[in-house]
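Written out below as structure tokens is the structure these notes cover.
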2 protein chains.
Amino acid sequence: MFKEINVPNRTIMTPGPVEANPVVLRAMSTGTLGQFDPAFTSLMQEIKEMLRIAFNAPNNECLAVDGTSRSGLEAALFAMIEPGDKVLIPAYGRFAYLLAEIVERAGGDIVLMERDWTGTFEQAEIIERIKAEQPKIVAMVHGETANGQCQQLEEVGAYCQANGIYLVVDCVATFGGMDIKQDEWGIDIAIAGTQKCLSVPSGMSLVSISHRAKAFIESRFQKELGLGADQRNERFIQSNYLDLSQLMVYWSQNPINHHTEATNMIYGLHTGLRLFVQEEGMEKVFQRHQLNNNALIAGIEAMGLGIYGDRETAMPTVIPVMIPDGIEPNKVRDILLEEFSVEIAGSFGDLNKVIWRIGNMGYSSRKQNVLHVLGALEATLLYLGADIQAGKAVQAALKVYR
Amino acid sequence: MFKEINVPNRTIMTPGPVEANPVVLRAMSTGTLGQFDPAFTSLMQEIKEMLRIAFNAPNNECLAVDGTSRSGLEAALFAMIEPGDKVLIPAYGRFAYLLAEIVERAGGDIVLMERDWTGTFEQAEIIERIKAEQPKIVAMVHGETANGQCQQLEEVGAYCQANGIYLVVDCVATFGGMDIKQDEWGIDIAIAGTQKCLSVPSGMSLVSISHRAKAFIESRFQKELGLGADQRNERFIQSNYLDLSQLMVYWSQNPINHHTEATNMIYGLHTGLRLFVQEEGMEKVFQRHQLNNNALIAGIEAMGLGIYGDRETAMPTVIPVMIPDGIEPNKVRDILLEEFSVEIAGSFGDLNKVIWRIGNMGYSSRKQNVLHVLGALEATLLYLGADIQAGKAVQAALKVYR
């Protein structure tokens, strides 16, 4: 016997997926429309407009890919890379390696520029390496969810723009929680997701494409077979599903059939974007994330726990908390979930034994959650006999708020 | 100013996306869970079980891809094809050409076996061609949405199973409306979607993988970079996002991180599958589709309209209606939408001028919709001065029901 969906209520303080905004969830249960119904295509056009606002790129080609965040990363890299193209990837955390993984699958020539995961790069270092390597593309991560670090980009972007190099940036962990100034920073393709600071469930990826990247991608357009008059292209993109040259047409005012748009996810995305760019407003959303970040940091430090990595380059949406000596990391997360219905995250690779990650994203980034997770974490650590300060964490956070 | 989602109520009688079941929509607005929350992963395991029931393949590896139907087609073909592999594609409609498009992108060697779109192949013809070509893979469509034709498969499957050839079948337009006997028919990978007879919104693809196909795909497994100890593979699949070797692990009891599962789509899929395999029950669902198909056909014929293609090999989920002489196809669809809030579909390529397609799928496949679409189509054709029988269509359908 399979039972109807009836899941526990959770306080989700991970770096995604976070709690979806209830207004978004309600919108997602709206009745389905046909994908070419004018009442539906007008929503897609509005999403394009809102994405341009959200990415601070008023003239870009914007669209959503029907897949999770990494589908947008793959779509962007597959569109830009032809076999043998050199791609420079500065890596200061786990998700740079995902970019490398995708570049490998695209047949690109990978140049990895690595450092430890405690901080980011000086922009001058990256520019030096670009000069030395002369890549076609620089692909990197804006905010690294694995360690909470955030890379400055504007000088790198300016250099790329001036020198005919394409800059592709993973903004998944920062979009919606920090301002992404795509035009100002010189990013050719910025990619984000829905399940983090936008508080829309996972399942769509957001892609914003500069004028020159668009022109390049269009040069690879191949109309798919079975739709009448053929239009073949020797330089076709290696995926049909994630073919940005087709997706840009599909999202235009004169679409050619491609996939069947994920109608109800579109309802959710439209709603999440509207709440972000208009109802609460971007500036206030960023202030809220910053305030809650400050309260979380104050609470964690008051407890006597360390925070991992360079604080100068930390982002406000993920807090990497050092695991105290003698404490079993997964035990803490299990008790938090089982007793407090609170979810926090581990990390990736070797860092999984060093830090927990507390997310501060979207609808989950609110006072009640901050105070609850601090109280629950303190109680759990005390229960396990950790050597921490009792009774300080929530007080410190309250002081930030009041 | 962007306004909240407030869309018209439609009667959707296209071959997808169709009206989502309200029970599914309600489930989709359930609060988000973390992707590794045991309360969530248990739902994924139940989905696997329900997919095995739905595909009549109790020992298969089943999973959902976070993308629309064609993402599953691409995942299956990318997993099975290595560059230069020969793929035979018998084509009797538009979606065989989509398979060819994907095979081309995978670097496969395409052998197209074409016929006109009025019927299907004799299985013996296909087997002869397989013998002559010796392909590694046969890829074909079970039910072709463009023309409403449905291909018999069991002899082709038996031959493939006996001769070490993999059979990959697009069941998108039939799954949930007709029984798919995957094991009995010898299908190695069957692919379906959510937005047709399952009445779940678009956005996921369902994939069911035989034991031998699973073993082949596993031989290409490459663990992605950034997750600790590397596991490289020279024969890696060309997509990371749609890598079935990784997705099978992600859907296992011991998952390795991949994408962030589309939680709320999973709620919808779980609910749609439960309604299909358990609440209404597969046999009754198929009977309902057959009954409503009979009523639609009776009504269309009573109106004096023709039905396209071989009726012997027609499927019950899409009815290709001949457009009467002198009637502008799009004009009829526009009036249906604007005045009656009824959506029917055109077709693809040259067939777009020859037929309309009336879908009979999932939650949309119900008596009230059948009677409404027949009445609305008759009224619209009369309004435009078409030479049809007045007052007969709904009566003929009523006779089928009573």
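Residues of region B:91-106 buried by at least 30 Å² of accessible area upon assembly of all protein chains, compared with the chain on its own (1.4 Å probe): B:ARG94, B:TYR97, B:GLU101, B:GLU104, B:ARG105.
Take each residue in A:77-90, count the other chain C-beta atoms within 10 Å of its C-beta, and the mean is 0.
How big is region A:20-278 by the Kirkwood estimate over distinct Cα pairs, in Å?
18.5 Å is the Kirkwood radius here.
Pairs from the table (B:LYS136/B:LYS196; A:LYS196/A:LYS284; A:LYS196/B:LYS3; A:LYS48/A:LYS223) lying more than 27 angstrom apart at Cα are B:LYS136/B:LYS196. Classify region A:190-230 as rounded, prolate or oblate from the Cα gyration tensor: take a ≥ b ≥ c as the square roots of its eigenvalues, call it rounded if a/c is under 1.5, otherwise prolate when a/b beats b/c and oblate if not. Cα axes put region A:190-230 in the oblate bin. Scaling against 2.2 N^0.38 Å puts the C-alpha radius of gyration of region A:52-162 at 1.06.
Calculated mean residue ellipticity, 222 nm, chain A: -12000 deg cm²/dmol, from DSSP H runs (n ≥ 4) at -39500 (n - 2.57) each, averaged per residue and rounded to 500.
Determine the shape class of region B:97-223: with a ≥ b ≥ c the square roots of the Cα gyration tensor eigenvalues, call it rounded for a/c under 1.5, and otherwise prolate if a/b is greater than b/c, oblate otherwise.
It is rounded, given that a/c, with a ≥ b ≥ c, falls under 1.5.
The label point for A:GLN278 and the one for B:GLN253, both projected 7 Å from the Cα toward the Cβ, are 4.9 nm apart. With label points defined 7 Å past Cα in the direction of Cβ, position A:ASP230 shows copy-to-copy spacings of 4.0 nm, given to one decimal and shortest first. Positive-end ranking of A:VAL138, A:THR380, A:LEU398 along the dipole of chain A, with charges on Cβ about the Cα centre, is headed by A:LEU398.
Give the angle, between 0 and 90 degrees and rounded to the nearest 10, that separates the Cα long axis of helix A:367-383 from the longest principal axis of the Cα atoms of chain A. Tilt of helix A:367-383: around 50 degrees. For region B:225-256, a decrease in accessible area of 40 Å² or greater in the assembled protein chains relative to the isolated chain, with a 1.4 Å probe, applies to B:LEU225, B:GLY226, B:PHE236, B:GLN238, B:ASN240, B:TYR241.
To the nearest 10 degrees, how steeply does helix A:94-105 sit against the main Cα axis of chain A, on a 0 to 90 scale? In chain A, helix A:94-105 runs at an angle near 30 degrees to the longest axis.
Here's the picture: charge each Lys and Arg Cβ at +1 and each Asp and Glu Cβ at -1 in the protein assembly as shown, and of B:GLN253, B:PHE175, B:VAL332 the one pushed furthest to the positive end of that dipole is B:VAL332. Applying D = kT/(6 pi eta Rh) to the protein assembly as shown, where Rh is the Kirkwood radius over alpha-carbon pairs, T corresponds to 4 °C and eta to 1.567 mPa s, the Stokes-Einstein value obtained is 48 µm²/s. Both radii come from the Cα set of region A:282-401: Rg as radius of gyration, Rh as Kirkwood radius; their ratio Rg/Rh reads 0.94.
Write down the accessible area per residue of the protein assembly as shown in Å², having rolled a 1.4 Å probe over the full set of protein chains.
34 Å²
Using a simple spin-label model with pseudo-atoms 7 Å out from Cα toward Cβ, A:GLU328 and B:ALA158 lie 5.6 nm apart.
What aspartates and glutamates sit close enough to A:LYS392 to cross-link, taking a C-alpha to C-alpha distance under 15 Å and skipping anything fewer than 8 places away on the same chain? A:LYS392 reaches A:GLU301, A:GLU378.
Ordered from highest to lowest accessible area with the whole protein assembly present and a 1.4 Å probe, A:HIS211, B:HIS259 read as A:HIS211, B:HIS259. With label points set 7 Å from Cα along Cα→Cβ, the inter-copy distances at A:PRO83 are 0.3 nm, sorted shortest first. Accessible area buried by the pairing of B and A, both sides summed with a 1.4 Å probe, works out to roughly 6800 Å². As a fraction of the 1.4 Å probe accessible area of chain B, surface on carbon and sulfur atoms comes out at 47 percent.
In region B:232-297, the convex hull through the Cα atoms has an average projected area of 7.8 nm², a quarter of its surface area. A Förster radius of 60 Å, combined with the Cβ-Cβ distance separating B:GLU122 from A:ILE53, puts the computed FRET efficiency at roughly 0.55.
The values are calculated or read from the model by the stated rules, or taken from the named source; none is laboratory data. Just so we're clear, the structure is a prediction, and the values are computed from it rather than from any experiment. Backbone-built Cβ (ideal geometry, glycine too); neighbour counts: all protein chains shown. These area figures cover heavy atoms from the full protein model, side chains too; ligands, DNA and RNA do not enter into them. Shrake-Rupley method; radii C 1.70, N 1.55, O 1.52, S 1.80 Å.
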